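The values are calculated or read from the model by the stated rules, or taken from the named source; none is laboratory data. Note that the coordinates shown come from a computational prediction; the quantities given were computed from them, not determined experimentally. All Cβ positions, even for glycine, are placed from backbone atoms using ideal geometry, and neighbour counts span all protein chains on display. These accessible areas exclude ligands, DNA and RNA; they are computed on the full protein's heavy atoms, side chains included. Shrake-Rupley method; radii C 1.70, N 1.55, O 1.52, S 1.80 Å.
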Amino acid sequence: MEPIRKVILTRSDAEPWWFFDDWQKDIVQTWEYVEESAAVEKYKTEISRLRNIFPNVKTKNYQSIAFWNPEELEFCEACDDDAQIYHGIILFEDEQPMEIDEEMMEEIKGLLAGG
């Protein structure tokens, strides 16, 4: 059976690489693909779209990226304080973050730099 690739968009007070027990509740949208190339293209398209919206960005291993605006805060009941809201994009393969090769990493770096 072909592996399923997913591009997952999240909105949370945690960066997208923190897979806390209930992280799936933060999923805003999911796109599923059989073809790796289609998933990668969607991932890159979403990176460009989010980079144009949000002034700040941080990544972990390039298969998950957090975007945010420092003014987008929501009150956190559990911590009794305002929490930063992150818009995350994750590239998944077989229910785990996809491995990113050197060539793709360089492409993503360019997208994150605004190029």
- Query: Taking into account only those residues within the stretch 1-43 that are farther than 15 Å from residue 95 by Cβ and of a type in the set (A, V, I, L, M), which is most open to solvent (accessible area, probe 1.4 Å)?
  - Reply: 28
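Table: residues versus (1) acidic (Asp, Glu); (2) exposed (fewer than 13 other Cβ atoms within 10 Å of the Cβ).
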position	(1), (2)
46	yes, no
55	no, yes
75	no, yes
82	yes, yes
104	no, no
108	no, no
114	no, yes
